[in-house]
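Beneath this line is the structure, given in structure tokens, with notes to follow.
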Amino acid sequence: MGKRHLETAMRVAREDPKFAGVEFDVAWRPFQLDENTPKGRGVNKMDTYLEKFGKASCDAILPQMIQRGLAVGIRFSYGGFTGNTFDSHRLIWKAREAGGSELQDKVVESLFKAHFEEEKSMGELSVLVDCARRAGMSESDAREFLEDPNGPGSEEVQREMKQYRQKHRVTGVPFFVFGDKYTMSGAQPATEILSIFEKMI
């Protein structure tokens, strides 16, 4: 939902005369909630939630999240599995290298849909390749890129994860960094994001 709220804030700002001449550039940075999650299909998503939050909390929170998601056009589904996300971050890095912010955002949107709505695992090569294809990347190029675990993007992603985690004390997602000056944690409403924009002009 953080992505949707950011998009809403930028859309509102573009229609506000006081932001005339302001340009937005969104860069997605890597962060792993659990670097030890196994590759491939990974672990059962719901089992992970139950272990982390407990059944009572899940029973209370998940229906609320589903309703909040529907309000912004996201059909959250909590089944399926979740694998190690490192290669998905490599793909996101590759997208920016190949097509800048626009392609990177399309890839992120495709990955989010696969994970949050379609119950697909970010640890599976076939899922990542399909996400790349849906975003407009070459399927064969994406596969060749991802099949090399130590290829381009590996060092860069590791470096960015360490850099942003340490510099901004990131412990969870979503997490926003505005102009390397202001930060915001959590899926804050668009009005809160707009208040940060206003501080920056």
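The values are calculated or read from the model by the stated rules, or taken from the named source; none is laboratory data. Keep in mind that what you see is a predicted model, and the values were worked out from it rather than measured. Ideal geometry is used to build each Cβ from the backbone, glycine not excepted, and the neighbour counts take in all protein chains shown.
A few comments on the model shown:
- Selection status of G69, within 18 Å of F116 (Cα to Cα), out of contact with any strand residue (DSSP E or B) (no Cβ under 7 Å at 6 or more places or on another chain), part of a loop (DSSP other than H, G, I, E, B) and not charged (D, E, K, R): no
- Of all residues in region 11-33 being of a type in the set (A, V, I, L, M, F, W, C) and surrounded by 17 or more Cβ atoms within 10 Å (Cβ to Cβ), the one that is farthest from M200 (Cα to Cα): F31
- Residue tally, condition free of Cβ contacts under 8 Å to residues at least 24 places away in the same chain, assigned to a loop (DSSP other than H, G, I, E, B) and of a type outside the set (D, E), over region 12-35: 3
Here is a yes/no grid of residues against (1) surrounded by 18 or more Cβ atoms within 10 Å (Cβ to Cβ); (2) modelled with pLDDT of 95 or more:
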position	(1), (2)
D59	no, no
I66	no, no
I74	yes, no
A95	yes, yes
E102	no, yes
M122	yes, yes
C131	yes, yes
V157	yes, yes
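- Checking the stated criteria, A60 turns out not to satisfy the condition of being touching a residue at least 60 places away in the same chain (Cβ under 8 Å), within 26 Å of M184 (Cβ to Cβ), in a helix (DSSP H, G or I) and small (G, A, S).
- Any chance I74 is β-branched (V, I, T) and in a loop (DSSP other than H, G, I, E, B): yes
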